[in-house]
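Accompanying notes for the structure given below.
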Amino acid sequence: MPGKLKAKIVAGRHLPVMDRASDLTDAFVEVKFGNTTFKTDVYPKSLNPQWNSEWFKFEVDDEDLQDEPLQITVLDHDTYSANDAIGKVYIDIDPLLCSEAATVISGWLPIYDTIHGIRGEINVLVKVDLFNDLNRFRQSSCGVKFFCTTSIPRCYRAVMVHGFVEELVVNEDPEYQWIDRIRTPRASNEARQRLIFLMSGELQRKIGLKVLEMGGNAVVGYLQCFDLEGESGLVVRAIGTACTLEKISTLPATATNPSNSSPSKDMKEPGFGEEAPGVPLSSGPPTPLRAQTFSSFSPSKSYSRQSSSSDTELSLTPKTGMGSGGSAGKEAGPLKALLRQQTQSALEQREYPFFTLTAFPSGFLLHVGGVVSARSVKLLDRIHNPDEPETRDAWWEEIRQEIKSHAKALGCHAVVGYSESTSICEEVCILSASGTAAILSSRFMQDGPLDTEHRFEEVVSPGCGFCHIPYDELNIPFPAQLTYCYCCRRYKVPDVLFTTIDLPTEANVNGKGCLIQARLCRTKKKAQGEVNATAISNLLPFLEYELHTQLMNKLKLRGMNALFGLRIQISVGETMLLGLASATGVYLTALPSPGGIQIAGKTPSDITYEQHISNMQKKINDTIAKNKELYEINPPEVVEEIIGSPIPEPRQRSRLFRSHSESSDEVSELDLSHGKKDAFVLEIDDTDAVEDIHALLTDSPTPAGFYSCNTEIMPGIQNWTSAIQMFTSVRVFRLNNVNLSNQGLNKIFSDLCENLLKSLYFKLRSMVPCCLCHLNFTVAIPEDELIQVAVTAVAMSFDKEQPLENGKQSGEKTLKKAITENDEQLQFNLELNAETSSSNPLSSPKGLSEVGSHPSARAPSVDYSSFADRCSSWIEQLKLKAHTIRRGSVKTTSSLEKASPLPEGRSRSLRSNRSYSGSSVAVVKMTPLSFIPGAKIIKYLGIINMFFIRETTSLREEGGVSGFLHTFIAEVFAMVRAHVAALGGNAVVSYSMKECVFMENPNKNQAQCLINVSGDAVIFVRESELELTSVQPQSATTQTSNGGEGT
Amino acid sequence: MSVELDVFVGNTTVLDEDVYQLWLDGHSVTDAVTIRVEAGALQECEANAEVLHSDTMDQFRTFQMCEQLLQSPSKLANQLLFQIPPHRQTMLIERYYEFDSAFAREVLGKKLSKGTKKDLDDISSKTGIALKSCRRQFDNFKRVFKVVEELKGPLVENIQRHFLLSDVLARDYAAIVFFANSRFETGKRKLQYLSFQDFAFCAGQLISYWTVGAVDNMMEDMDVDLEKEFLHDLKDLKVLVNDKDMLDQHKSLVCAQLRGKIKVFSEMEASFKNLSRALVNIASKLTHTKDVRDLFIDLVEKFIEPCRSDKWTIGDLRLFLTHYSSSVHTLEAFRHQVIWDRYMGVIKSCILKIGCGSCVLSQSSNKTKRETEEQDNFCQTLQKVSPPLVCLPPPYFLEETTGTEQTPVARLFSHLLGLLTTAIHLFIHPAVCVAE
């Protein structure tokens, strides 16, 4: 089905001087789509040309529309020699293909050159007319919406969650083609940029087709990655979760009252787009077939335990032979088993019951088993047919199967928070996948009639249900210490829970959370090919084991008992392996209070040694106490009654499943539990352990007023202000000392991360009190002896509650303002508060005074960031309104300054000065989170997925490597903002920098960097504005949505 | 082991005003870190020196990247590279264009050319302002001058429009541009005591009343040059001193008005003709560019100094000038009232400013008796300090302001030099001596 793409080149500005003689430029523009090219006239001798061209029309297939970017090239006309290119703009027109997204692209876009960076801006108008509107959802994947957000987007509700979609495309990397030897770096970079644009377009289209096949209309949690395999090719792969989404009609009522507080509404909309109100699911399920299950209820299979789900059952044969794995919990009773069975069958139909979502509509996530992960080491030069995707497909299939069987072993039928990643060094490639084994409700999956059961399930679990073990107590897949849930006292829970998902909003949490990182560096010998791969495979288990131990110890040290958003990254270099595990630790009230850490010496003969040990023990105990105070963890005192664990030996509980296979089927299972040792006992029998403990204790706490987490929401903080600051920080560290021990390396790596965090806190000190959310660390080993750490996060400041009111600390009050606006939930929390505050009344106020009265944190007293934000939000508001009226030529004039009275009666008065100081650039917010505090997202405009290459041959002149990268990152931000603004948006949510590959050659004065970023372009409206304009919100929204029509 | 690369980029550009000032002041990163440590930055946020260094580097890099935009501030508002809230943009621009009065005073009236740029080393060592900062300030002057030079319309407004500066700062720039364009002499030793602000005030007066734009709001003409026609018309004022009757009549009118009102009445009466002649002569000579340049030195030498030697107070001066200019209206034979008012209005306020600057006295009229006495004696005091000198010779200033350690010999030498130059000065201007 064809479509018509129309583009108009309006004007340019700030163009570079291309003609030295006149200090001007004779610019014209080439507009290219597919194989068709149009040109504008030459606009002579101007740095601000006004082409105002006609509409260039391309009549193309919608397949091309999806695959191809619109390519705009700005050139300088030269009568005698070849025309010089000024730069290019690639426009992804995908957002225009979906009726619910943007309708026009219009605005100033930076003209980008891979050698010179941004060189001026160009104003364009792009529209698409799709013919045959009626038919279009049948024929192609146009219209399938893509979201990077890993939860159901705010203004939609999920009708159905279909499941996992994946796709992978391969192409030859232009950088490695023979032609690259003769073409210029610019041509090579542009070929690469264009290819990746094309490949991502193709990938999206193919995934879209799969989604349509499944009957969905959207992909949520879309994660697209590049593997630069070098000689063997360039791989673009993506995973996502197919869903059927329905737009929540923005009724004035909902708009003005986004809290969605009326319970009747909750009944109808199970709180999807909103903050997932924790409605006990006795409310009506979306399908009317409620009664049916009662009749069909038969406990036939409820006690039969198929497939003992042993650890070794890691068959690589997919799809078949797995039975209906999950073992029904004895305590759950027949109903639960039935549910299990039914959901299971729904999921069994799928190849992979995986979900890239990390946050779920309430009632969807029933139980969480634990983290499952799989890794595999592959050799890229062994690919038979590098240009075809088969081999890579097979690799990933292998890993996914493994993940699936791990989940099964945990008694779970699904994997949530699923993600995949790679690390490549020369010809060795580590493929990793991880997720959280879980049991899901069938409510949003498939074919209605299995609905009622949650009422049995959910009534008892207001915020602790997901902690209850999904596996069978008697047939436990790994040794674990189980207790009855500390909330409901009816079901068993493990003592520690590790997950890759976000903290469920309904979870009961005590105190605040914090970022916990385990960092590890392991040296390895330089080797080639298979030897190298084997060496890496052998190292991996140890690496993971130690990361796990570190995480566990650090978690205990903070007095917490659960990890969310766990992300383990393993990066491979020629002479070392880096492991970085980040997660957000919290104290879940449902889980038992963690014990302390005991140190035991192996040779207790020496007095001084004993002394030393007891000193350390004291230090550790002090740290735990201090941390509890810092994070406001006041666990309710409960009689410790460890209820009949089937396995008497207390062992380390949560466990990572992993395996590695070198080039093929060699799969092994690693038991990560500490043998026979008690998890809480650290034996310091060798220097390693001493080092470990030191490392444990040297983690410096966050400065006063700062909190950090790597999840979407920080437990314990809700009252965000509108001040947000997204940032990216990159550091490259050179290890000059070649012969370093593992310990030495560890220390260096750990210090590097710690210092980076410290720098971040210092930079953002003006935002205090604030929380760094979604701290996403990426490590890489770009070269021998180089370690690169990149961080992207958002700093959000929050209001400190009225200090010392009733001598209570904020944690409790924030709990009161729990995200879910559900009344029941709220009450529950209030009760909880009373309990906790009485249990430990002294420590909290102290904690507050410490935080609140930190003298220097407030000293400069320029809280300009928040002011800036308020100011900018005001301007945004203006902008938005202006936008709605006439896009394209937005100009807000602000006469902020009055001319001061003139001295001595000057006869003429100054006209309003600074008439054009008011910036004409719309403010675009960026955040890695899926929401903007204090604002409501009213429209998703489409996915932003951009890939840029920047190269320089004058590194020193551009301020060295730091100057080069600083400029480049700033340029990438600028281009993202400009494209979002052109779509009519004012923010990017779920922003992430997926790739930042930096290569340098200082001797040649050269450097190259590749950056891939993605996110969702949105329009948001401040909640305060919503209230203000509540008189006619309807018209406001319609205006905004029509705003795109342009001039 | 070393940090090879270290960057931090915020979606909203992170700017630290204190670090910005350090950068503007021309400090190196290392210096800036030291200064920040001394200012107690380490106490904030549990920072260490490494963190501070990284932050400073980062900020300096950001400012450097912004610098190009700051040089054409209107671009800052619609560039896309840095997302900076408008009020912070204003701050960045304003601070970037702010200058040290001491530096501006040195450059005032000089040609903003490469030659002057070469002298920046000297200015830097003289004023104690870092050379880097001097360069920035000089380049700012030059840039503003270049842009505004050829533009039509009001000068201050043009500067504001193109450089988005605050009203106050735009006025200062207008003064600098005006002085640079007309190349007023400000470097003479007798003018050394005047500050930049004194001159800026005078420039404001000249721009407001003596340029083309001053007469006609709608005139699309330049503000930078004095109105030729007006300067030509000033020749007609000569009649005031050439016509003996008129001169006598004028004198008697003024004397009648001032009798008993000023303490230096007799001196005034004695020197009235000289003073009037001086003022009118200055006016009539303004058609020559050279004399325009010497306007301020002439005012000082031919008018202020005689007054000063007669121990006039600023109050006396004001009363005299007020009546001197107003009584012309009653001279029936005089026909150039408009020109006269336009001329005297500016001259009066300039003289008062300059005179005031020399006395370092406040202009307020209701002073206590003691203060008035002090004013009366100010010249005496000055003369006591250095009897043959009207004002302190520059070497004294130099010595004090720079604060560099000089050997006693050098000190003596510079003192002698001061005396010598004053002597030469007096020798060159015998007319003044005779008049006195």
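Some notes on this structure:
- The residues in the stretch A:993-1013 that are polar (S, T, N, Q) and either buried (at least 18 other Cβ atoms within 10 Å of the Cβ) or not in a strand (DSSP E or B) (or both) can be counted, and the count is 4.
- B:Arg88 vs. criteria part of a helix (DSSP H, G or I) and at the interface with chain A (Cβ under 7 Å from one of its Cβ atoms): yes
- With respect to the conditions (1) in contact with a His (Cβ under 8 Å, 6 or more places away or on another chain); (2) closer than 15 Å to B:Gln71 by Cα, B:Ala130 lacks only one, and its number is (2).
- Answer residue from the stretch A:983-1004, given it is within 11 Å of chain B (Cβ to nearest Cβ) and aliphatic (A, V, I, L, M) and is nearest to the chain's Cα centre (by Cα) among those: A:Met993
- Residue in the stretch B:49-66 that is touching a strand residue (DSSP E or B) at 6+ places or on another chain (Cβ under 6 Å) and either within 30 Å of B:Thr127 (Cβ to Cβ) or at pLDDT 90 or above (or both) present: yes
- So B:Ala41, is it within 34 Å of the chain's Cα centre (by Cα) and within 11 Å of chain A (Cβ to nearest Cβ): no
For every residue, the table says whether it meets (1) at negative phi; (2) touching a residue at least 60 places away in the same chain (Cβ under 8 Å).
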site	(1), (2)
B:Phe103	yes, no
B:Gly128	no, yes
B:Cys134	yes, yes
B:Gln137	yes, no
B:Asn140	yes, no
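- Within the stretch A:96-117, the set of residues being modelled with pLDDT of 75 or more and either in a loop (DSSP other than H, G, I, E, B) or over 24 Å from A:Val1018 (Cβ atoms) (or both) comprises A:Cys98, A:Ala102, A:Thr103, A:Val104, A:Ile111, A:Asp113, A:Thr114, A:Ile115, A:His116, A:Gly117.
- Some residue of the stretch A:96-108 being closer than 21 Å to B:Asn78 by Cα, among the polar types (S, T, N, Q) and under 31 Å from the mean Cα position of the chain (by Cα): yes
- Condition broken by B:Asp225, with the remaining ones in (1) touching a Gly at 6+ places or on another chain (Cβ under 8 Å); (2) more than 14 Å from every other protein chain (Cβ to nearest Cβ) satisfied: (1)
- When B:Leu120 is tested against (1) among the aliphatic types (A, V, I, L, M); (2) touching a Cys at 6+ places or on another chain (Cβ under 6 Å); (3) modelled with pLDDT of 90 or more, only condition (3) is not met.
- Candidates A:Lys4, A:Lys45, A:Lys8 - the one that is assigned to a loop (DSSP other than H, G, I, E, B) and either closer than 26 Å to A:Phe947 by Cα or touching a strand residue (DSSP E or B) at 6+ places or on another chain (Cβ under 6 Å) (or both): A:Lys45
- Test: residue in the stretch B:196-207 that is out of contact with any Ser or Thr (no Cβ under 6 Å at 6 or more places or on another chain), among the polar types (S, T, N, Q) and modelled with pLDDT under 85: no
- Only a single item in (1) away from chain A (no Cβ under 11 Å); (2) out of contact with any Pro (no Cβ under 9 Å at 6 or more places or on another chain); (3) modelled with pLDDT of 90 or more is not met by B:Val107, and it is number (3).
- The number of residues in the stretch B:142-160 that are closer than 13 Å to B:Ile207 by Cα and either at pLDDT below 80 or part of a loop (DSSP other than H, G, I, E, B) (or both) comes to 2.
- Among the residues of the stretch B:50-68, those that are in contact with a helix residue (DSSP H, G or I) (Cβ under 7 Å, 6 or more places away or on another chain), over 26 Å from B:Lys142 (Cβ atoms) and either surrounded by fewer than 23 Cβ atoms within 10 Å (Cβ to Cβ) or within 10 Å of another protein chain (Cβ to nearest Cβ) (or both) comprise B:Glu50, B:Val51, B:Leu52, B:His53, B:Ser54, B:Asp55, B:Met57, B:Gln59.
- The residue that is farthest from A:Ser593 (Cα to Cα), counting only those in the stretch A:606-624 that are touching a residue at least 12 places away in the same chain (Cβ under 8 Å) and among the aliphatic types (A, V, I, L, M), is A:Ile613.
Residue-by-condition table, conditions (1) of a type in the set (Asp, Glu); (2) in contact with a helix residue (DSSP H, G or I) (Cβ under 6 Å, 6 or more places away or on another chain); (3) at pLDDT below 90:
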position	(1), (2), (3)
A:Ile403	no, no, no
A:Val416	no, no, no
A:Ile430	no, no, no
A:Gly448	no, no, yes
A:Cys485	no, no, yes
A:Val493	no, yes, yes
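- Search result, residues across the stretch B:69-85 that are charged (D, E, K, R) and more than 7 Å from chain A (Cβ to nearest Cβ): none
- Qualifying residue in the stretch A:964-978 (condition: crowded, with 24+ Cβ neighbours inside 10 Å, among the charged types (D, E, K, R) and within 12 Å of another protein chain (Cβ to nearest Cβ)): yes
- Within the stretch A:718-762, considering residues that are out of contact with any Ser or Thr (no Cβ under 8 Å at 6 or more places or on another chain) and in a strand (DSSP E or B), the one surrounded by the fewest Cβ atoms within 10 Å (Cβ to Cβ): A:Arg731
- When we screen A:Ala981, A:Ala970 for residues that are in a helix (DSSP H, G or I) and either at pLDDT 95 or above or touching a helix residue (DSSP H, G or I) at 6+ places or on another chain (Cβ under 8 Å) (or both), the only hit is A:Ala970.
- Leading residue by the ranking (surrounded by the most Cβ atoms within 10 Å (Cβ to Cβ)) among those in the stretch A:220-237 that are under 15 Å from the mean Cα position of the chain (by Cα) and aliphatic (A, V, I, L, M): A:Val220
- The listed residue being at pLDDT 90 or above, more than 21 Å from the chain's Cα centre (by Cα) and more than 7 Å from chain B (Cβ to nearest Cβ), out of A:Thr892, A:Thr952, A:Thr884, A:Thr927: A:Thr952
- Every listed requirement among (1) farther than 19 Å from A:Gly201 by Cβ; (2) modelled with pLDDT of 90 or more is met by A:Asp84 save one, (2).
- Pairs, first within 7 Å of chain A (Cβ to nearest Cβ) and closer than 24 Å to A:Ala1007 by Cα in the stretch B:1-30, second of a type in the set (S, T, N, Q) and surrounded by fewer than 18 Cβ atoms within 10 Å (Cβ to Cβ), C-beta under 6 Å, six or more apart: B:Met1/A:Asn736
The values are calculated or read from the model by the stated rules, or taken from the named source; none is laboratory data. What you see is a predicted model, and the numbers here were worked out from it, not measured in a lab. Note that each Cβ is placed from the backbone with ideal geometry, even for glycine, and that neighbours are counted across all protein chains shown.
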